[in-house]
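A.B. asks: Just dropping this structure here.
The values are calculated or read from the model by the stated rules, or taken from the named source; none is laboratory data. All values derive from a computational prediction rather than experimental measurement. Note that we place each Cβ from the backbone using ideal geometry, even for glycine, and neighbour counts take in every protein chain shown.
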Amino acid sequence: MHCAHPSHRARPCAHQDLDAGAGAAPGPGTISVLLADDQDLVRSGVAMIVEHEADLTVVGQVRDGESAVAAALDLRPDVVLMDISMPGALDGIEATRRIVQQTESRVVMLTTFDDEDSVFPALQAGASAYLLKVSEGETLVDAVRTVHAGRALMSPDVTSTVLRHFSNRTTGGTFQPRLVASLTSRERDVLGLIARGLSNAEIAAELFVSECTAKTHVSHILTKTGLRDRVQAVSLAYESGLVRPGDIAS
């Protein structure tokens, strides 16, 4: 990963490895981050990037999936930065699934892989973001803030993989069409705009409604369908056939 630090106020690095005990509790307004990666150099580099930011702090570091789940249950971090491939009984995908099911923590998947066999299991496990380890440091910290704010994202390379996946398969996959059928006509319109990558403000402008109304529609969509975030909503839009890759302008 490129360790190009954004120009924010630096502060002392206060993280500790969980093998030596948990780090200090984060201050008010600070986003707490748990790191899970079996490569010490990668983990240390990511920790330096995160700790460089005044509003982020690393509360723990672990080397495998089992430790990641245990640490997430103990520390309740806001965000977990998770490697997809780690040794032991649990890989990053299964660890993500358990963390999402048992805590309110959001997971950012960090990996060297952008193939379909890696991307989709991670998203289906509940990861809110999927970034390649070659991403810039600024991209990484922006991802932490984004998922903490309740949004989801994917790097451009991963987005291309998603579109390629859906263009090469038929509809009716993981998400059943009945989920879309439960939505109103306006909510289906909003879901289609989510699939195009539009923000709440952009959806509001497209539909000539207030941003508050657009946000309410998005919230209703997630509630009715039982989806966790926008990443899963995009999957629903494509897999149900509501949106097709050819419908989206590049």
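A.B. asks: Within segment 97-106, can one find any residue that is part of a loop (DSSP other than H, G, I, E, B), over 17 Å from residue 149 (Cα atoms), hydroxyl-bearing (Ser, Thr, Tyr) and assigned by TED's automatic domain parsing to the domain that holds residue 144?
C.D. replies: No.
A.B. asks: So residue 146 fits all but one of (1) modelled with pLDDT under 75; (2) under 14 Å from the mean Cα position of the chain (by Cα); (3) among the β-branched types (Val, Ile, Thr); what number is the exception?
C.D. replies: So the condition that residue 146 fails would be (1).
A.B. asks: Turning to a different aspect of this structure: Answer yes or no: is there a residue in segment 231-238 that is in a helix (DSSP H, G or I), more than 23 Å from residue 143 (Cβ to Cβ) and not hydrophobic (A, V, I, L, M, F, W, C).
C.D. replies: Taking every residue of segment 231-238 in turn, none turns out to be in a helix (DSSP H, G or I), more than 23 Å from residue 143 (Cβ to Cβ) and not hydrophobic (A, V, I, L, M, F, W, C).
A.B. asks: Right, here's the next one. Residues that are among the β-branched types (Val, Ile, Thr), under 14 Å from the mean Cα position of the chain (by Cα) and buried (at least 23 other Cβ atoms within 10 Å of the Cβ): does segment 103-117 have at least one?
C.D. replies: yes
A.B. asks: Just to be sure, is residue 80 surrounded by fewer than 24 Cβ atoms within 10 Å (Cβ to Cβ), within 24 Å of residue 150 (Cβ to Cβ), outside the structural domain of residue 226 (by TED's automatic domain parsing) and touching a residue at least 12 places away in the same chain (Cβ under 8 Å)?
C.D. replies: Criteria not met by residue 80.
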